[in-house]
Amino acid sequence: MSQKLFRNLRLVNSEFTGSEAKRAFIVEAGLITWMGSQNQIPKKLKPKKEFDLKNNLVFPSFIECHTHTVFAGSRAQEFEMRNQGVSYLEIAERGGGILSTVQATRATSAKSLTALTQKRVNNFLAQGVSTLEIKSGYGLDLKNEIKVLQVIKNLKGPRIISTFLGAHAKPAEFKTHEDYLQYLVTTVLPVVKKKKLSDRVDIFIENKFFEKSASQKYLEAAKKLGFAVTIHANQLSFSEGADLALELSAHSADHVIHLNENHIKAFAKSKTVAVLLPAADLYMRCAYPSARKLIDAGATVALATDFNPGSCPTQDLALVGLLARLEMKMSLPEVFKAYTSGAAQALGVSDAEGQLLVGKSANFISTAAELNDFFYSAGSTPKHQLFIRGNEIKSTIIARD
Ligand code: NIG
Ligand code: FE
């Protein structure tokens, strides 16, 4: 197996508080197999290729752990309605919101959806994202959920983690939420499993969407089938989604705007990651989650865009980090950790990703910029090179200087 040597780099420490110069590492089959001082590379290692990183900073590349990237249509008109005072829930009740994106997505072929989605994936790649979570959830029937998951499977670039979000909203064909969840368990989840299209399920637990008791039955059935669990929890109200996430040891509870002191303590004791989505909170004009309380109590937090056509039509990681700093008072090292190791834990991929250590994937960013230059200017990522499994990604989109 051929070895690549990366040398002359300033390796950022695991707390993102500083860096050490003249470091080097060896990559073999995509994994870091040796790491240390560039003056002490063991003689027995015989790398075929060498990369001089010119004293650049090197740190783990970003993991974007919550997106709804596959969709057709636009909800720009709905955004104006919301700004004129109509609420997200009112729009949903009138058949707009998620269900209008479902209509547009059902009417679009897999081929067109793939083309639309690949461009969006490239936008993430250009910002240094090496691992990208994408949810289904705008198909809401067997045929269309499978179509969307197959689109996700065919995307190129980053490592893609797909999540089945059939339980995003109740489609009009079903009378009750319970009936629809039953259909997902008996008819859709087994096909998702058999075709190996996803091994994670998500659900939107909220008033007027899915209630706690029906969700619990659904998630327990999904767990029995071997799916890991993540939950859209406590976004618009104290919906009990966070309680359920903690009870079921979910990988993550996402949004978590409405939390009490007991929730905070419980997150601190659990491995369930609190995924914070401040760009969605900006668009929804709601409160930001209590990042400081969660972090100070010892909980693991992650940050993500929540990119979707309704509550968060932006893919801008810089904006997310900026809001975390400005509005949630997270320190810059905390933002980096949330977008790397925190996000890896939220996706259940910490064994391979989120930190640069021997045995883990060589997914990293090399840059002549400083850490301070990141999450500073909305809409802009400092010039950098992204490496995935030790291969340089020549992004089709040029990141701005
Ligand atoms: O994470 N809250 C539920 N799902 C998305 C919104 C999806 C949509 O509005 O289309 C979210 O905010
Ligand atoms: Fe979401």
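The values are calculated or read from the model by the stated rules, or taken from the named source; none is laboratory data. Remember, predicted model here, so these are calculated numbers, not experimental data. Methodologically, a virtual Cβ is constructed for each residue, glycine included, from the backbone with ideal geometry; neighbour enumeration extends over all protein chains shown. Just so you know, the surface numbers come from the protein's heavy atoms only, side chains and all, with ligands and any DNA or RNA stripped out. Shrake-Rupley method; radii C 1.70, N 1.55, O 1.52, S 1.80 Å.
Could you give the longest part of the chain that holds none of the trypsin sites (Lys or Arg not before Pro) found in DSSP loops with at most 10 neighbouring Cβ atoms within 10 Å?
Longest stretch, sites excluded: 286-393.
Put a dot 7 Å past each Cα toward the Cβ at VAL191 and SER19; how far apart are the dots in nm?
4.9 nm
With N set to the number of residues, divide the alpha-carbon radius of gyration of region 62-346 by 2.2 N^0.38 Å and report two decimals.
Working: Rg = 17.3 Å, N = 285, 2.2 N^0.38 = 18.8 Å.
The reported ratio for this selection is 0.92.
Compute the signed sum of charges (Lys and Arg +1, Asp and Glu -1) over the other residues within less than 12 Å, Cβ to Cβ, of LEU5.
Charge balance in the 12 Å sphere: +3.
What are the chymotrypsin sites (Phe, Trp or Tyr not before Pro) within region 226-271 that DSSP puts in a loop, where the Cβ has at most 16 other Cβ atoms within 10 Å? Present the calculation step by step, with values, prior to reporting the outcome.
Values: sites: PHE227, PHE238, PHE267; in loops: PHE227, PHE238.
Here the chymotrypsin sites (Phe, Trp or Tyr not before Pro) that fit, given the DSSP loop and packing criteria, are PHE238.
If the elastic network links every pair of Cα atoms under 10 Å, which of GLU353, GLU20, GLU240 fluctuates the most in the Gaussian network model of the chain?
Fluctuation is largest for GLU20.
Using θ = phi - 60° and the Karplus relation 6.51 cos²θ - 1.76 cosθ + 1.60, list the HN-Hα couplings for region 364-371 in order, rounded to whole Hz, with x at every Gly or Pro.
In residue order, the calculated couplings are 8, 10, 10, 8, 7, 6, 9, 4 Hz.
Along the charge dipole of region 50-143, pointing to its positive end and built from +1/-1 on Cβ of Lys, Arg, Asp and Glu, which listed residue (SER74, PHE124, ALA110) has its Cα farthest out?
My answer, from the dipole projection, is ALA110.
Within region 62-346, what whole-number % of the accessible surface is contributed by carbon and sulfur, with the 1.4 Å probe and all protein chains included in the calculation?
Carbon and sulfur together cover 52 percent of it.
With a 1.4 Å probe and all protein chains left in place, how much accessible area per residue does the chain have, in Å²?
Solvent-accessible surface per residue comes out at 42 Å².
Under the rule of -39500 (n - 2.57) per DSSP H run of 4 or more residues, summed and divided by the residues of the chain, what mean residue ellipticity at 222 nm is obtained, to the nearest 500 deg cm²/dmol?
-9000 deg cm²/dmol
Say we join alpha carbon atoms closer than 10 Å with springs in a Gaussian network model of the chain; which of LEU236, LEU277, LEU125 then has the biggest fluctuation?
LEU236
Need the full-extension length gain, LYS156 to ARG292, defined as separation in residues times 0.36 nm minus the C-alpha distance. One decimal, nm.
Extending this stretch completely gives an extra 45.4 nm.
Where does the charge balance sit around CYS65 when Lys and Arg score +1, Asp and Glu -1, over other residues with C-beta under 14 Å from its C-beta?
Spelling it out: positives minus negatives among the neighbours equals -2.
What's the FRET efficiency of ARG389 with ASN55 using the Cβ-Cβ distance as r and R₀ = 22 Å, to the nearest 0.05? Intermediate values should be presented prior to the final figure.
Values: r = 23 Å, r/R0 = 1.06.
With a Förster radius of 22 Å, E is 0.40.
Mind putting a number on the dipole of the chain about its Cα centre? Charges go on the C-beta only, +1 for Lys and Arg and -1 for Asp and Glu, and I need it in Debye to the nearest 20.
Working: 50 positive and 38 negative charges, 350 e Å.
Roughly 1680 debye for the chain.
Starting from the 7 Å offset along Cα-to-Cβ, what nm value, one decimal, do you get for the label separation of ASP179 and VAL358?
Each label point is offset 7 Å from its Cα along the Cβ direction, giving 6.0 nm.
Work out from phi, with θ = phi - 60° and the Karplus expression 6.51 cos²θ - 1.76 cosθ + 1.60, the ³J(HN,Hα) of each residue of region 20-28, listed in order in whole Hz, and give x for Gly and Pro.
In residue order, the calculated couplings are 10, 7, 6, 9, 8, 8, 10, 10, 9 Hz.
I'd like the antiparallel share, as a percent to the nearest 5, of DSSP beta bridges with both residues in the chain.
So the antiparallel bridges in the chain amount to around 40 percent.
Work out the charge dipole of the chain with +1 on the Cβ of Lys and Arg and -1 on the Cβ of Asp and Glu about the Cα centre, then indicate which of MET328, ASN363, PRO42 is farthest towards its positive end.
PRO42
Among CYS286, CYS312, CYS65, which one moves the most in a GNM of the chain with springs linking Cα atoms closer than 10 Å?
CYS286
Given a 1.4 Å probe and heavy atoms of the protein chains only, how would you sort MET328, MET35, largest accessible area at the top? Can you show the working numbers first?
Details: MET328 10, MET35 50 Å².
These residues rank, largest area first, as MET35, MET328.
Report the net charge of residues surrounding ASN234, where surrounding means a beta-carbon distance below 10 angstrom and charges are Lys +1, Arg +1, Asp -1, Glu -1.
Local net charge: -4.
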